[in-house]
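Bear in mind these aren't lab numbers, they're just calculated from the coordinates by the rules spelled out. Since we're looking at a predicted model, the values are computed, not measured. Every residue, glycine among them, receives a Cβ derived from its backbone with ideal geometry; neighbour counts consider all protein chains shown.
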Amino acid sequence: MKRLLILCSAIIMSCTSAPSQKSSEMQTKTEIIATESQGGADQAGFTIIKNEQDFQKALKGNSLVEFGAEAPATETPKFPKDKKVVLYNLGMFRSGDHKITEIKSISVKDNVLYVEVPYVEHGGMEIQMISNPYIIFTVPSNYNFTSVELKSSN
């Protein structure tokens, strides 16, 4: 009888711990809302976008593409209310394509948001053109950080 009670409690404990792992995996998901090779600031840095108005301003203000009256209306993304939205300017580059198209993972340690992106090899005979790339992405709302750092990985 005692073994049966221990077995039942072990099964119940293992069942209740499984959903918490799944919810923590869901919390670390990030989404790229916008990313461009041009339109960012000259200096690297980040801004947390706090409301719909600032979000729309960042989407329109960072884009170099302007549409005339005849252009088809594109659907702009909605401001996510359940996540923090981060605008990260990568700074100025003199050659190569530094546009971020994928985020592998995100984490916070010592008030620093670490954003892991795939490594892209640069060098060789590249077009010499000044670019100011930027990225707008989401992080879970419970992440608190004072700086952002990009990490490249294979």
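The table for this structure:
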read-out: Pair K29, D54: separation of 7 Å Cα→Cβ label points (nm); value: 2.5
read-out: L150-D42 pseudo-label distance in nm [points 7 Å out on the Cα-to-Cβ vector]; value: 1.9
read-out: Neighbourhood net charge (13 Å Cβ-Cβ; Lys/Arg +1, Asp/Glu -1) for D82; value: +4
